[in-house]
Amino acid sequence: MQVSIDEVRRLNRNDDTVFYSINTIHKLRLWDFPVIDKAMISQDVVMVSYEEMINQATDRIQVSNPVFLYPLPEGKEGDEYVTLFVSSKHYLAEYCEKVVLSFDFINRIVEKKDKLSSNSTKLLTLHSFKGILKRFNDVEIKSEDWPNICSDLIQYLKCLIEEYPFLGYLPITERKEFREKSVADTNFAWEFYIRFFLDKWNSKDYVVKAPNLSKPFHHMDWMGDFFQRDNPFWQSYLSVNGKFRLHRDVRESIYQFWKEWIE
């Protein structure tokens, strides 16, 4: 299905995939697009996802297969709402973020500020979480299947935290004690866990089991959990002050090594 929409503007002049317009509830209802996630309502902004940009002019776009991400707000026919038009190829990560953070068991471990304090019970910042989820934008998936991958991710994260409680909320004393011994709750470890889910899901393994984090890891004469701080495997990745030096290429190689071993 191809649809032409008038009176639109680019949200950012350097981005030709995101547009906005102001529309009345009456006009939005007349569009009658399919609704992806009927369980969530956005009260401030109406989100429309499209598969392909067919044509665009100064104030007009033609797109294929547009859908409302959420049900329309309740309101009078003349009520006006900002309407965002986003490419499904670039918005799945933000959709997953919105859905996943609506669950308290995840929301309570994500810090909204830029940094984690030493006394924080949070495990990763919102910025780090967003960065991890950006990989979802590489998934080839139709918009109508977005709720499915989010639902599978949420179930996976629930199982992961139930099996390994140190990945959920812990009182600050317990959290500090755990961090002295392990890096299994750090942002790069979380990146591994979520990438593991995504790789499995992409291979059509939709019921993804939590990885066995208790699997004994052997390195030289040492044996223990992979993410233990005293694992000699980590020594070459530590700076003189004991902090990890894990740039993108290093993280990638360690993840591929961990994934192959954990499977």
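The values are calculated or read from the model by the stated rules, or taken from the named source; none is laboratory data. Given the structure is predicted, the values throughout are model-derived calculations rather than measurements. Note that we place each Cβ from the backbone using ideal geometry, even for glycine, and neighbour counts take in every protein chain shown. Accessible surface is based on the protein model in full, side chains and every heavy atom, while ligands, DNA and RNA are left aside. Shrake-Rupley method; radii C 1.70, N 1.55, O 1.52, S 1.80 Å.
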Most to least accessible of VAL45, VAL63 (protein chains only, probe 1.4 Å): VAL45, VAL63
Global form of the chain, assessed from the alpha-carbon gyration tensor, a/c cut-off 1.5: prolate
Angle in degrees between helix 172-181 and the longest Cα principal axis of the chain, rounded to the nearest 10: 60 degrees
Accessible area per residue in Å² at 1.4 Å probe, computed on the chain: 56 Å²
Per-residue [θ]222 nm for the chain (sum of -39500 (n - 2.57) over DSSP H runs n ≥ 4, rounded to 500): -10000 deg cm²/dmol
Accessible surface of ARG251 - all protein chains present, 1.4 Å probe, nearest 10 Å²: 60 Å²
Cα gyration tensor category, rounded, prolate or oblate, for region 1-103 with a/c compared to 1.5: oblate
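Using a 1.4 angstrom probe on the protein heavy atoms only, could you order THR17, THR83, THR173, THR58 from most to least accessible area? Mind showing how you got there, number by number?
On the way: THR17 30, THR83 0, THR173 90, THR58 125 Å².
Largest to smallest exposure gives the sequence THR58, THR173, THR17, THR83.
For the full complex of protein chains and a 1.4 angstrom probe, list CYS159, CYS150 by accessible area with the highest value first. Please list the in-between numbers first.
Working: CYS159 50, CYS150 5 Å².
Order by accessible area, largest first: CYS159, CYS150.
Give me the net charge of SER151's neighbourhood, meaning all other residues with Cβ under 14 Å from the Cβ of SER151; Lys, Arg count +1, Asp, Glu -1.
Values: positive: LYS38, LYS98, LYS158; negative: ASP37, GLU144, ASP145, ASP152.
Around SER151, the surrounding residues sum to -1.
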Above-threshold pairs, the threshold being 29 Å between Cα atoms, out of LYS115/LYS209; LYS27/LYS98; LYS113/LYS209; LYS38/LYS115: LYS115/LYS209; LYS113/LYS209; LYS38/LYS115
Rounded to the nearest 10 Å², the accessible area of ASP32 at probe 1.4 Å: 120 Å²
With every protein chain in place, the chain: carbon and sulfur % of accessible area (1.4 Å): 47 percent
Alpha carbon centroid spacing (whole Å) that separates region 118-147 from region 55-70: 25 Å
Cut-off 12 Å between beta-carbons: net charge of the residues surrounding ILE172, Lys and Arg +1, Asp and Glu -1: +2
Rough spin-label spacing in nm, given labels placed 7 Å along Cα→Cβ, for TRP31 and GLU74: 2.2 nm
Shape of region 156-263, Cα gyration tensor, a/c cut at 1.5: oblate
C-alpha long axis of helix 248-262 to longest principal axis of the chain, angle in °: 70 degrees
